[in-house]
């Protein structure tokens, strides 16, 4: 039975990954801030009694480490750790008041990824020394981390940093036979992307993303872009000279700010209430 620990598990990619691994018979450690949403998720999973819930903000590193220690003890080890927790808001350096938003995005998307992996590495090294060969640390980057997107300065920076961080960690863990896998999603249909007000090419259902990501994780791929169509887009973006890239994206739509997202969420809630 696989033992899988997932942060940001209450919705979106995390919930989809939880459903996928639970269907495969895994024992899960599910961590997120929202207790009721986590409980509702567990109730939908096969063998809910197997899965442990941790109501923790990933920016609380002591609480995160305590949750990891509890899961290691209860599960008797670990096979896969997925640092999935993340936030995405439009940010502008010129905008008064956005610096705290920058800090929140970096803390949640990057620093918490490090804090998620740290308490598991010693256990993984011991398991690897005992002969286990299918150990995985999984970081969730983004296609947005391949080149900086206007209006998403903090998000692009945080995901670029996750990709580079996981590459460094991958090399370090290689001699211990621990695989570090970086998954870079394109547009996946989740509550986060549902707040976007612009077109999202190759939009993929979260359940399809989870199935494809799990295959890459099982194979121990060092880096995978999902869906596959975004690989070509990403390759092209990396090759474009700065002048061409700047011209092409000068009028690209900006991601909504935290205030604008809150307004969108209120409107969505009102629309749902009206439909009910």
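The simple spin-label model puts a point 7 Å past each Cα toward its Cβ; for residue 66 and residue 199 those points are separated by 5.0 nm.
Per-residue Cβ neighbour counts within 10 Å put 120, 71 in the sequence 120, 71, beginning with the fewest. Taking the chain as a Gaussian network of alpha-carbon nodes connected by springs under 10 Å, the highest mean-square fluctuation of the residues 155, 245, 165 belongs to 245. Computed from the alpha carbon positions, the gyration tensor of region 129-244 leads to an equivalent ellipsoid with semi-axes of 27, 17, 12 Å, biggest first. Between the entries (1) 59, 38, 31; (2) 54, 49, 33; (3) 74, 47, 31, the label attached to Cα extents along the principal axes in Å calculated for this structure is (2). Rounded to the nearest 10 degrees, the angle from helix 229-239 to the longest Cα principal axis of the chain is 60 degrees.
If both residues of a DSSP beta bridge must be in the chain, then about 0% of such bridges are antiparallel. The distance from the alpha carbon centre of region 1-61 to that of region 79-121 is 19 Å, rounded to a whole number. For the chain, set up a GNM with springs between Cα atoms under 10 Å and report which of 122, 22, 248 has the largest fluctuation. Looking only at 122, 22, 248, the largest GNM fluctuation is found for 248. Quantify how much of the Cα-Cα distance distribution of region 33-170 extends past 20 Å, in percent. Value for region 33-170 (Cα pairs over 20 Å): 55 percent.
Put in line by how crowded their Cβ is, counting other Cβ atoms within 10 Å and starting with the fewest, 61, 47 read 47, 61. Which one, 92, 240, 28, has the greatest fluctuation when you compute a Gaussian network model over the chain with C-alpha springs under 10 angstrom? So, out of 92, 240, 28, the one fluctuating most is 240. Residues 238, 255, ranked from the fewest to the most other C-beta atoms within 10 Å, line up as 238, 255.
Each reported figure results from applying straightforward, stated rules to the coordinates on display, with no laboratory input. These numbers come from a predicted model, not from an experiment. No Cβ is skipped: glycine too gets one built from the backbone with ideal geometry, and neighbour counts run over all protein chains shown.
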